[in-house]
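Peer 1: Please read through the structure below; I'll follow up with questions.
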Ligand SMILES: NC(=O)c1ccc[n+]([C@@H]2O[C@H](COP(=O)([O-])OP(=O)(O)OC[C@H]3O[C@@H](n4cnc5c(N)ncnc54)[C@H](O)[C@@H]3O)[C@@H](O)[C@H]2O)c1
């Protein structure tokens, strides 16, 4: 499988340096970034090609892995899916725009293209997907961030946001991927609380789900990527797992 990457930052670096061709014949061949130097650096590290022409890249691959920004999803996904190419999308917050989501789904269906959303920086989506249509009554997410990660200097915890995921995306667009992913996994606008907490030095995500099945809680305490403290290591690792899962004979825990 030939892959092109959009966005050659922290996530792309981890993925590219962790995938070898023996991994299910995955070849990360093209690198595209609005900062061409970043594309060239990663391409030379990986033995690939820095793409100068976006559409050329799309024409030459089986799948595009987006790890750039929600704006890049809005700009490029319709073109990629319109050419019948599959996508892995990291900037899942883009799909909180329901009109855009509907349009993209239509394009993907019409062109027989698949969209894959990795679990990203949180655990527990397997359970949420399993119970989503079977009496799921409540899902909420509490995200705790360190004052440092938000550029704040405080010594007491402070609730920054409390409301629906669709509202959180407007106030914290860069921190919304986890809330967006959970919302999409259960097809509802989940309740979100974002807390700045001097007691934590990592991004912590607590999910609670209750329903006819019972109840579960998951806590994910993420270490950040060295190259981008806003991004959790687990997010990149989840995309690697997803890439490797294509064509596997046995799927576990899907
Ligand atoms: N799904 C999740 O759980 C999850 C977790 C962490 C990060 N993310 C998202 O993944 C994306 C990448 O994260 P990162 O830490 O690698 O970011 P990064 O800032 O380290 O790298 C992003 C790269 O994309 C490039 N870029 C941005 N917009 C572009 C555009 N329109 N066209 C071409 N290139 C563009 C930038 O120049 C940069 O090199 C972000 O949108 C981030 O919010 C998702």
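The values are calculated or read from the model by the stated rules, or taken from the named source; none is laboratory data. This one's a predicted model, so the numbers in the text were calculated from it and none came from an experiment. Glycine also receives a Cβ, built like all others from the backbone with ideal geometry; neighbour counts cover every protein chain displayed.
Peer 1: Every residue in region 110-135 that is touching a helix residue (DSSP H, G or I) at 6+ places or on another chain (Cβ under 9 Å), in a helix (DSSP H, G or I) and more than 16 Å from the ligand (Cβ to nearest atom), please.
Peer 2: 110, 131
Peer 1: Right, something else. Please verify whether region 177-194 includes one or more residues that are more than 26 Å from residue 97 (Cα to Cα), touching a strand residue (DSSP E or B) at 6+ places or on another chain (Cβ under 8 Å) and either assigned to a helix (DSSP H, G or I) or within 16 Å of the ligand (Cβ to nearest atom) (or both).
Peer 2: no
Peer 1: Scan region 199-220 residue by residue and report those that are under 19 Å from residue 119 (Cβ atoms) and either in contact (Cβ under 8 Å) with a residue 60 or more places away in the chain or not assigned by TED's automatic domain parsing to the domain that holds residue 147 (or both).
Peer 2: Across region 199-220, the qualifying residues are 203, 204, 205, 206, 207, 208, 209, 216, 218, 220.
Peer 1: Is region 105-116 home to any residue that is within 18 Å of the chain's Cα centre (by Cα) and surrounded by 24 or more Cβ atoms within 10 Å (Cβ to Cβ)?
Peer 2: no
Peer 1: Okay, next question. Of the residues 68, 12, which is in contact (Cβ under 8 Å) with a residue 60 or more places away in the chain, near the ligand (Cβ under 9 Å from one of its atoms) and closer than 22 Å to residue 241 by Cα?
Peer 2: One residue alone meets the criteria, 68.
Peer 1: Could you figure out which of (1) modelled with pLDDT under 95; (2) touching a strand residue (DSSP E or B) at 6+ places or on another chain (Cβ under 9 Å); (3) near the ligand (Cβ under 9 Å from one of its atoms) isn't true of residue 46?
Peer 2: (3)
Peer 1: Would you point out which residue out of 232, 251 is touching a helix residue (DSSP H, G or I) at 6+ places or on another chain (Cβ under 7 Å) and at pLDDT below 95?
Peer 2: Exactly one of 232, 251 is touching a helix residue (DSSP H, G or I) at 6+ places or on another chain (Cβ under 7 Å) and at pLDDT below 95, namely 251.
Peer 1: Could I ask something else about it? Which residue, of 239, 168, is outside the structural domain of residue 62 (by TED's automatic domain parsing), part of a helix (DSSP H, G or I) and either within 13 Å of the ligand (Cβ to nearest atom) or within 26 Å of residue 65 (Cα to Cα) (or both)?
Peer 2: On inspection, the qualifying residue turns out to be 168.
Peer 1: Also, I was wondering about something else. Being exposed (fewer than 14 other Cβ atoms within 10 Å of the Cβ), within 9 Å of the ligand (Cβ to nearest atom) and closer than 26 Å to residue 82 by Cα: is that true of residue 35 here?
Peer 2: Taking the combined requirement at face value, the residue satisfies it.
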